[in-house]
Amino acid sequence: MMSECLPDFSITRPKSVEQAISEAQNAPSGRFLAGGTDLIVNMRRGLVETGNLIDLTGIPELRKLKADQTGLTIGAGVTLSEISANESICRNYGAIAQASSLVAGPGHRVAATIGGNLCLDTRCLYYNQSHWWRQANDYCLKFKGDLCHVAPAGKRCRAAFSGDMAPALMVHDAKLEIAGPEGRRQIAVVDLYREDGADHLQLEPGEFIVAVEVPPADATTVTSAYAKVGVRNAIDFPLAGIAVAYRKAAPTVHSFAVAITGTNSAPVLLNGLEKLSEEDEPEAYFAELDKLVQKQVSPQRTSTTAAHYRRLSAASLARRLARELSAL
């Protein structure tokens, strides 16, 4: 039986992005480490098999935090507590500030980083267990097994992504700067993910997130919020987390962006939501938003909470936040 303790490993502490990439090339099975609030726990449970950790916390570029008229830049190594305490973010990017303040507990947020939360491993009732429990159940499709216990007839892992920051960034049209052996590239946050719980991050070997870039937001025309439902009100992953951004494009035209976490293997950016004009009935519009959320999320039996409850919770939260932000 495997004990619940950390395996032996070596650790390197590069001082630049380029040095970190070089370290990763020298240790192909190595893992990048930031706050470690997810990675270290998974290593202790035997879910991460590596003998090499590349500690990114000593790279100054990853600690950059700048908010001005050109937009918002958050280095991947900026902690969630720093984000939630930033006055400019709280004033102009409500969903980002609120999401960062709702992750786990205060002690976690002091160490946890935005880059780590974006790269959070997917979770499942059959995966996040002790080694002996997983072994007794012949493991699973995500780790050493050949069957997804959630959807046995399928060929894809259904573990759910539960990061809070992704949907908050998605409704603000954020982009990511990614560095790797082939250089640097920029992608939208939504393009970081794929709908596969066993392989949900679209990062090439040796790549990691350097920074998050968010377009400027004028609080007079754009407001946003984030809320989630969980088994507990603190120190818990979202069973469903919702970010909504409200934009007043013209005096009589309103638009919403909605993103959801905790229900699928990738965060969901809601499609098909039309703009709300003065000719539309607001309650009918919000009812349609509710239906769209229910159709586009696909919660599975990855937690002890019923999938249908998570679907209804996501839809209800989205409807409530949209109504409150627009005050319609």
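Over the chain, with a Gaussian network built from C-alpha contacts below 10 Å, which listed residue (Ile209, Ile260, Ile89) shows the highest mean-square fluctuation?
With Cα springs under 10 Å in the chain, the top fluctuation among Ile209, Ile260, Ile89 is at Ile89.
Which one of Phe237, Phe208, Phe143 has the biggest mean-square fluctuation once the chain is modelled by GNM with Cα springs under 10 Å?
Largest GNM mean-square fluctuation: Phe143.
Taking only Cα atoms, what is the 0 to 90° angle, nearest 10, from helix 282-296's long axis to the longest principal axis of the chain?
20
Using a Gaussian network model of the chain with C-alpha springs under 10 Å, which one of Gly206, Gly116, Gly107 is most mobile by mean-square fluctuation?
So, out of Gly206, Gly116, Gly107, the one fluctuating most is Gly107.
Restricting attention to the stretch 47-116, which GluC sites (Glu not before Pro) occupy a DSSP loop and are surrounded by at most 13 other Cβ atoms within 10 Å?
On the way: sites: Glu49, Glu61, Glu82, Glu87; in loops: Glu49.
Sites meeting the loop and neighbour criteria: Glu49.
Nearest-5 percent of antiparallel DSSP beta bridges in the stretch 1-153? All intermediate terms of the calculation are to be shown ahead of the outcome.
On the way: 6 of 13 bridges.
So the antiparallel bridges in the stretch 1-153 amount to around 45 percent.
Would you mind getting me the FRET efficiency between Thr50 and Lys155? Use the beta-carbon distance for r and R0 = 25 Å, nearest 0.05.
That gives a FRET efficiency of 0.40.
Given the -39500 (n - 2.57) contribution per DSSP H run of 4+ residues, what per-residue ellipticity at 222 nm results for the chain, rounded to the nearest 500 deg cm²/dmol?
For the chain, the value works out to -8000 deg cm²/dmol.
Holding the Cα-Cα limit at 29 Å, pick out from Lys155/Lys295; Lys142/Lys291; Lys144/Lys175 the pairs that are longer than that. Please list the in-between numbers first.
Working: Lys155/Lys295 22 Å; Lys142/Lys291 31 Å; Lys144/Lys175 33 Å.
Long pairs (Cα-Cα over 29 Å): Lys142/Lys291; Lys144/Lys175.
With both bridge residues required to lie in the chain, what share of the DSSP beta bridges run antiparallel, to the nearest 5%?
Values: 44 of 51 bridges.
Rounded to the nearest five, the antiparallel share is 85 percent.
Every number here is computed from the coordinates shown, using simple stated rules; none is lab data. Because the structure is predicted, anything quoted here is derived from the model rather than measured. When we count neighbours, we look across all protein chains shown, and the Cβ atoms used for this are built from the backbone with ideal geometry, even at glycine.
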